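One structure below.
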Amino acid sequence: MSNEFNIKNIAKLASINLSEEEQDSLSNDLSIILEHVNALSDLKLNSQQKEIFIHPLEKELELQEDEVVEFLTHDEAISNAPESKDGKFVVPPSME
Amino acid sequence: MDASNLSIREINSLFTKKELKPSELYLKVFENAANSEAALHAHLTLFEEENIKKAAESDKRFNNGESDSLLDGIPIAIKDNINIKNYKTTCSSKMLSNYTSPYDATVIEKLKEQNTLFTGKTNLDEFAMGSSTENSAFGLTKNPWNIDYVPGGSSGGSAASVGARSSIAALGSDTGGSIRQPASFCGLVGFKPTYGTVSRFGLVAFASSLDQIGPITKTVDDSRIIFSFISGEDSRDATSVINNQLDIPSDNTATIGVIKELMEDGISDEAKNEVNKVVEILKSKGYKVKEISIPIIKLSISIYYLIAPAECSANLARFDGVRYGLRVDGNTSYEMMENTRAEGFGAEVKRRILLGTYALSAGYYDEYYGKALQARKEMIDEFAKTFKDIDYLISPTTPTQAFKSGEKTSNPLEMYMSDLCTIPANLAGLPAISIPTGLSKDQLPLGVQVMSKPLSDNSLLDFSEIIENEVQLDGQPKGWL
């Protein structure tokens, strides 16, 4: 396994604005952790499963019928919004 | 007699016989909180006013002989990543410091049906990521046995609260040991049920294929009672399962396995001695005990620290400053999100999101996340094979006693290693429990973990009770009652 990573690129993918200082310290931490998890690369595995693993008991996930249930009111759903107007979430412009 | 030291069944019996009122117990528990909170900081919020009213209603029910629930009037503390309607759910994060939940988690609905009292919300490592409750944005929680030491984590507030008797029992969540490890550090029983038996609806998600809600209690029977009320299939959690329990023997016809890989390097002599002590007791009672090797267990930390961060990076994408939580301004939506997440998340949460983002990113997915999934599947298969001949697996809960505050904060990997013994049960979805068995030379609690096959939770509890009856902690945290 390779441990080369570009911390700026990962931070961009994760949408977290990191300070220079954080970039240095997190880079260092991630290198140490990745070095440890590299132990997996030597592992000879019998299992070929590569599918996304959802349930450790391997429960088959079934689709439920669409059913209208009472849960949150519109006001409750929006009650924690940092900014809202006329029952809608307000955000800064998406394009400059 | 101090009622806050009693078990749930003992308390209920006193309530029923009208020898103790729920309001008296509540006042005692609240008095314990007043004596301990300044030093321990177990709770983030205490629900005093509401409880006085509710305890009076419990009084009335018991007085009129109308109560039929073991949990009626029992004060239970709730980890602050579980939603209680109209109260804050902060996850000990700046991101959610002003978030008020508009709904109840399924476990809370179920406890409310039993007229349980909630003492308040307890401190945790931010978003349940940590092993010491030192990652909280709202301050440290201390170990009730000795305040120089951590209470464990991430459910450290829940464990410290039960330890200091500012609640009779508590709910925690366990993704890699976050119920069992703090329970062990605080001299309590911590029970992580089989994955899916308790609904995760209303638990703020960290790593969805590993997260499980469970109790932290003084006795195994208290855990059994709480599990019986909070478990059950829930259509609002697609991963929940029908709680069809398997019956395996708990008497001396059962075969016990001691996991070799969890009795080797990295495990302290004191932790090993506790396991050996329990093994000797079981042998003397006629149980067959074997040493078992599951080599892949040695890779648990590596597997976990790819899978859990990968799931966390996806789950925590929802904290974007739009629908709830903190918002830090920016010129565009994207800038706003980046600034919000920079300001709202603490260092450990950022570390795990970045690790998960990397493990899932193009070009690295197969070699990191893909490989971890395969290894996890292999571990599940290995456990299944082991459980063909073995009924219960025994190991230490933690490699050492509680460590000192600040001792491991500068080395994340060393902190991760403290979950070595607890992580396998999460990866394989197994029920697992920590039972307090003794004290270290520093007079801090030590515990032993028992695991069994999926959906054998009730048998595991029965077996654990047999151990509990033989090995009791010689003492309790002092100074808070």
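The values are calculated or read from the model by the stated rules, or taken from the named source; none is laboratory data. For clarity, every value in this text was computed on a predicted model and none was experimentally measured. Positions of Cβ are backbone-derived with ideal geometry, glycine not excepted, and every protein chain shown enters the neighbour counts.
Of the residues examined, B:Ile390 is one that is more than 7 Å from chain A (Cβ to nearest Cβ), of a type in the set (A, V, I, L, M) and touching a Ser or Thr at 6+ places or on another chain (Cβ under 6 Å). Cβ-Cβ contacts under 9 Å between residues 6 or more apart (or on different chains), taken from a first residue in the range B:88-113 that is within 10 Å of chain A (Cβ to nearest Cβ) to a second residue that is aromatic (Phe, Trp, Tyr) and surrounded by fewer than 17 Cβ atoms within 10 Å (Cβ to Cβ), are listed as B:Tyr103/A:Phe71.
Considering B:Ser456, B:Ser464, the condition of being surrounded by 23 or more Cβ atoms within 10 Å (Cβ to Cβ), within 26 Å of B:Ala254 (Cβ to Cβ) and touching a strand residue (DSSP E or B) at 6+ places or on another chain (Cβ under 8 Å) is satisfied by B:Ser464 alone. Taken over the range B:467-479, the criterion of being of a type in the set (D, E, K, R) and either buried (at least 23 other Cβ atoms within 10 Å of the Cβ) or not in a helix (DSSP H, G or I) (or both) is satisfied by B:Asp474, B:Lys478. Of all residues in the range B:319-363, those that are assigned to a loop (DSSP other than H, G, I, E, B) and at the interface with another protein chain (Cβ under 8 Å from one of its Cβ atoms) total 14. Can you tell me how many residues in the range B:233-249 are more than 14 Å from every other protein chain (Cβ to nearest Cβ) and either under 26 Å from B:Leu439 (Cβ atoms) or surrounded by fewer than 16 Cβ atoms within 10 Å (Cβ to Cβ) (or both)? Count: 2.
In the range B:104-157, the qualifying residues are those that are of a type in the set (D, E, K, R) and not in a loop (DSSP other than H, G, I, E, B), and the one that is surrounded by the fewest Cβ atoms within 10 Å (Cβ to Cβ) is B:Glu113. I want to confirm something. Restricting to the range B:282-318 and keeping residues that are more than 12 Å from chain A (Cβ to nearest Cβ), within 27 Å of the chain's Cα centre (by Cα) and part of a helix (DSSP H, G or I), which single residue is surrounded by the fewest Cβ atoms within 10 Å (Cβ to Cβ)? In this case the residue turns out to be B:Asn315.
The C-beta contact set for the range B:44-57 (first residue crowded, with 16+ Cβ neighbours inside 10 Å and assigned to a helix (DSSP H, G or I), second residue modelled with pLDDT of 95 or more and of a type in the set (Val, Ile, Thr), distance under 8 angstrom, 6+ apart or interchain) comprises B:Asn51/B:Thr119. Restricting attention to the range A:4-22, the residues that are within 8 Å of another protein chain (Cβ to nearest Cβ), farther than 19 Å from B:Ala310 by Cβ and either of a type in the set (A, V, I, L, M, F, W, C) or assigned to a helix (DSSP H, G or I) (or both) add up to 2. Kindly indicate whether any position in the range B:431-451 is part of a loop (DSSP other than H, G, I, E, B) and free of Cβ contacts under 8 Å to residues at least 40 places away in the same chain. Among the residues of the range B:431-451, not one is part of a loop (DSSP other than H, G, I, E, B) and free of Cβ contacts under 8 Å to residues at least 40 places away in the same chain, which makes the answer no.
For the range B:201-216, a residue qualifies if it is in contact (Cβ under 8 Å) with a residue 60 or more places away in the chain, buried (at least 24 other Cβ atoms within 10 Å of the Cβ) and away from chain A (no Cβ under 12 Å), and the qualifying residues are B:Leu203, B:Val204, B:Phe206, B:Ile213, B:Ile216.
Among residues of the range A:77-96 being more than 21 Å from B:Ser101 (Cβ to Cβ) and part of a loop (DSSP other than H, G, I, E, B), the one that is farthest from the other protein chains (Cβ to nearest Cβ) is A:Asp86. Filtering the range A:23-50 to residues that are more than 7 Å from chain B (Cβ to nearest Cβ) and either within 18 Å of the chain's Cα centre (by Cα) or modelled with pLDDT of 90 or more (or both) leaves A:Gln23, A:Asp24, A:Ser25, A:Ser27, A:Asn28, A:Ser31, A:Leu34, A:Glu35. Listed here are the strands (runs of 3 or more DSSP E) enclosed by the range B:169-226 that have at least 1 residues being more than 19 Å from B:Gly120 (Cα to Cα): B:189-192. Only residues that are free of Cβ contacts under 8 Å to residues at least 24 places away in the same chain and either of a type in the set (Ser, Thr, Tyr) or surrounded by 23 or more Cβ atoms within 10 Å (Cβ to Cβ) (or both) were counted in the range B:355-369, giving 4. The set of residues in the range B:250-278 being more than 20 Å from B:Leu460 (Cβ to Cβ), buried (at least 17 other Cβ atoms within 10 Å of the Cβ) and small (Gly, Ala, Ser) consists of B:Ala271 alone. Considering only the range B:461-480, I want to know if a residue exists there that is at pLDDT 95 or above and either within 14 Å of chain A (Cβ to nearest Cβ) or on the phi > 0 side of the Ramachandran plot (or both). No, because not a single residue in the range B:461-480 is at pLDDT 95 or above and either within 14 Å of chain A (Cβ to nearest Cβ) or on the phi > 0 side of the Ramachandran plot (or both). Flag set for B:Thr340, criterion: at pLDDT 95 or above and closer than 30 Å to A:Ser84 by Cα.
A Cβ distance below 9 Å, combined with a sequence gap of six or more or placement on separate chains, defines the contacts here; from the range B:6-20, residues that are on the phi > 0 side of the Ramachandran plot reach residues that are loosely packed, with under 15 Cβ neighbours inside 10 Å and not small (Gly, Ala, Ser) in the pairs B:Lys18/B:Asn63.
Determine, yes or no, whether B:Thr340 is over 28 Å from the mean Cα position of the chain (by Cα) and buried (at least 22 other Cβ atoms within 10 Å of the Cβ). For B:Thr340, the condition - over 28 Å from the mean Cα position of the chain (by Cα) and buried (at least 22 other Cβ atoms within 10 Å of the Cβ) - is met. Of all residues in the range B:263-281, those that are in a loop (DSSP other than H, G, I, E, B) and of a type in the set (S, T, N, Q) total 1. Determine whether the range B:421-428 contains at least one residue that is in a loop (DSSP other than H, G, I, E, B), buried (at least 24 other Cβ atoms within 10 Å of the Cβ) and hydroxyl-bearing (Ser, Thr, Tyr). Yes, the conditions are met somewhere in the range B:421-428. Of the residues making up the range B:393-431, those that are hydroxyl-bearing (Ser, Thr, Tyr) and either within 12 Å of chain A (Cβ to nearest Cβ) or in contact with a helix residue (DSSP H, G or I) (Cβ under 8 Å, 6 or more places away or on another chain) (or both) are B:Ser395, B:Thr397, B:Thr398, B:Thr400, B:Thr409, B:Ser410, B:Tyr416, B:Ser418, B:Thr422.
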